[in-house]
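The values are calculated or read from the model by the stated rules, or taken from the named source; none is laboratory data. No experiment lies behind these values; they were computed from the predicted model shown. Note that each Cβ is placed from the backbone with ideal geometry, even for glycine, and that neighbours are counted across all protein chains shown. Keep in mind that these areas ignore ligands, DNA and RNA; they rest on the heavy atoms of the full protein, side chains included. Shrake-Rupley method; radii C 1.70, N 1.55, O 1.52, S 1.80 Å.
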Amino acid sequence: MIGYVPGDGLLHRRNAVTKLSWAASLSATVFLIPELWMVWTVVALVALTAAAAGLARRLTRPALTILLPFGISLAFLQGLFNPDNTTTLISIGPVAFGLEGVLYGALTLGRLATVLLTFFLLLLTTTPKQLTAGLAARRVSPRFGYAILAAIEFVPDMQRRSQAVLASQQARGLDVKGGLGQRIKAFSSLLGPLITGALIASDTRAMALEARGFSRTGRRTHLALEHYGTVDRMAVWSSGLLFLTALALKVV
């Protein structure tokens, strides 16, 4: 599971908005780049950044868990069914495996890898509170900041909740190690408490937010302040410039 890793490196010291802007910019830019080698150069640079920050090991396993099966299936399907296939790599009877499809699959995989790695780096070096505080300091709508916070915390929160429900049901004698029928029955026994608990937590969180003036308009003060210096400002502007340059080259 991807989560915040404490540290004092260059990435950890940067403002959350800076890291978010670069993650969004690179993720959008690679979809404007038509060249395979350029996309994978971006992937390599992101990987080197993770290694320099000492996060390569924490990043590799979850990234490969997603990218490896996706890449294999993508290469297989594109190699067989891509309409642009003209160069045959492997031919077995009437079935031909095309080079163009494999290259297109590699391009798509590189784009997905860029999106995953950049946002994984964001999550590894930024706490949700830092991200929402950084957005709030830049006068972003609190609702937008909360939506990002809820999206980041949704999967870890559901994992923790499901583990707690599973342990509780097993303590009551629920068998989760039987055959398929037994597993389906156990799953239905877990699903009810899981959904009910999530709804109750959502209602509790909503009341807590309103009690703290979440819907209040006007100027706000912040308990946690994120440093946003000249380096961060230049990094944000350069990320936007990178995307606009790629967009202009794509249009031209």
Cβ-Cβ distance below 6 Å, separation of 6 or more or different chains: which pairs start in segment 94-109 with a residue that is aromatic (F, W, Y) and end on one that is open to solvent by 30 Å² or more (accessible area, probe 1.4 Å) and at pLDDT 90 or above?
Y104/Q78
Using beta carbons and a limit of 7 Å, which pairs, at least six apart or on different chains, have the first residue in segment 144-157 and open to solvent by 50 Å² or more (accessible area, probe 1.4 Å) and the second one among the basic types (K, R) and part of a helix (DSSP H, G or I)?
none
Does at least one position in segment 44-55 carry a residue that is farther than 25 Å from P128 by Cβ, outside any helix (DSSP H, G or I) and of a type outside the set (F, W, Y)?
no
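Quick one: in segment 159-179, which of the residues that are of a type in the set (S, T, N, Q) and at pLDDT 80 or above is surrounded by the fewest Cβ atoms within 10 Å (Cβ to Cβ)?
Going through the qualifying residues, I end up with Q163.
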Selection from segment 73-87 of residues open to solvent by less than 70 Å² (accessible area, probe 1.4 Å) and in a helix (DSSP H, G or I) yields S73, L74, A75, Q78, G79, L80
Any chance L109 is open to solvent by 30 Å² or more (accessible area, probe 1.4 Å), in contact with a Phe, Trp or Tyr (Cβ under 9 Å, 6 or more places away or on another chain), under 28 Å from S238 (Cβ atoms) and not small (G, A, S)
yes
Of the conditions (1) open to solvent by 40 Å² or more (accessible area, probe 1.4 Å); (2) of a type outside the set (G, A, S); (3) part of a helix (DSSP H, G or I), I90 clears all except one; give me its number.
(3)
Please state which of the following conditions A28 fails to meet, knowing it meets all the rest: (1) more than 13 Å from F119 (Cβ to Cβ); (2) at pLDDT 90 or above; (3) part of a helix (DSSP H, G or I).
(1)
Residues that are open to solvent by 40 Å² or more (accessible area, probe 1.4 Å) and over 10 Å from the mean Cα position of the chain (by Cα), drawn from segment 113-129
K129
Test F70 against the stated conditions and say whether it is out of contact with any Gly (no Cβ under 7 Å at 6 or more places or on another chain), open to solvent by 90 Å² or more (accessible area, probe 1.4 Å), among the aromatic types (F, W, Y) and in a helix (DSSP H, G or I).
no
